[in-house]
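A short write-up of the structure that comes next.
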Ligand code: 13P
């Protein structure tokens, strides 16, 4: 049985005071929940706050990006070992905003994925097609290409230590969620594809859905056989919305 994982991606939002209120509320309400896992991926400057507030609680934390380099003259970059010092369990890799806005290629994503694994941090690998790619019937081939780049670098053994997040670009921050059937079809495709390489690893892998998940649609999405939780943007900044999504993920 795969335990569902709900992870908040705060993106570039937050303030020390606002975060504290959010984290304190989440920690206390999560005490009531069982049979699921929960994490928040916060901006780099707030990792120390997350570590101080969440150590010893049910809420794990992580980052939204990392450098492909270990150390050196890379101004502005943050390495995997730095994230580890701040207790990160997870790091998002290859989010579509990083691919589209910051020029991250499949090759760079693959190196970042390997860097996270080498530090013992679980990468949450984002894959997903744009609307144009979907309309052209290319959704599956785009996702296969994104996965293949990472498998070429880290193998199925590496992929086994990760989480996949299917995030159709057209559903991110648009309020347009993929229907449960649309999402399930892609999740099943991902699992089928990976099963051709290693059936046991494919069966055990957590595949999250991301893109306009909210309290109102989480239960239906999470009831699909291949959807193992969600990567939540906007709704992860609101206690009630995020907790309702976590509740929907309880096994
Ligand atoms: P929204 O939930 O705001 O659509 O964002 C999804 C996302 O990009 C999570 O990584």
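Within the span defined as segment 62-73, one or more residues are in a loop (DSSP other than H, G, I, E, B), farther than 16 Å from residue 210 by Cβ, within 14 Å of the chain's Cα centre (by Cα) and within 16 Å of the ligand (Cβ to nearest atom).
Kindly indicate whether any position in segment 111-121 is modelled with pLDDT of 95 or more and within 18 Å of residue 209 (Cβ to Cβ).
Step one: of segment 111-121, the residues modelled with pLDDT of 95 or more are 111-121.
Still in the running and within 18 Å of residue 209 (Cβ to Cβ): none.
Looking through segment 111-121, none of the residues is modelled with pLDDT of 95 or more and within 18 Å of residue 209 (Cβ to Cβ).
Of all residues in segment 74-105, those being within 16 Å of the ligand (Cβ to nearest atom) and surrounded by fewer than 18 Cβ atoms within 10 Å (Cβ to Cβ) number 3.
Residue by residue, here is whether (1) over 19 Å from residue 143 (Cα atoms); (2) in contact with a strand residue (DSSP E or B) (Cβ under 9 Å, 6 or more places away or on another chain); (3) within 14 Å of the ligand (Cβ to nearest atom) holds:
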site: 186; (1), (2), (3): no, yes, no
site: 193; (1), (2), (3): no, no, no
site: 210; (1), (2), (3): no, yes, yes
site: 214; (1), (2), (3): yes, yes, yes
site: 220; (1), (2), (3): yes, no, no
site: 238; (1), (2), (3): yes, no, yes
site: 242; (1), (2), (3): yes, yes, yes
site: 249; (1), (2), (3): yes, yes, no
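Are there helices (runs of 4 or more DSSP H) fully within segment 172-251 with at least 3 residues that are out of contact with any helix residue (DSSP H, G or I) (no Cβ under 8 Å at 6 or more places or on another chain) and more than 21 Å from residue 161 (Cα to Cα)? List them. Spell out the reasoning first.
Details: elements: 180-195, 199-204, 215-222, 239-248.
Once the helices (runs of 4 or more DSSP H) in segment 172-251 are filtered for at least 3 residues that are out of contact with any helix residue (DSSP H, G or I) (no Cβ under 8 Å at 6 or more places or on another chain) and more than 21 Å from residue 161 (Cα to Cα), what remains is 180-195.
The values are calculated or read from the model by the stated rules, or taken from the named source; none is laboratory data. From a predicted model like this one, the values you see are computed outputs, not experimental measurements. Because the Cβ atoms are built from the backbone with ideal geometry, glycine has one as well, and the counts that use them run over all protein chains shown.
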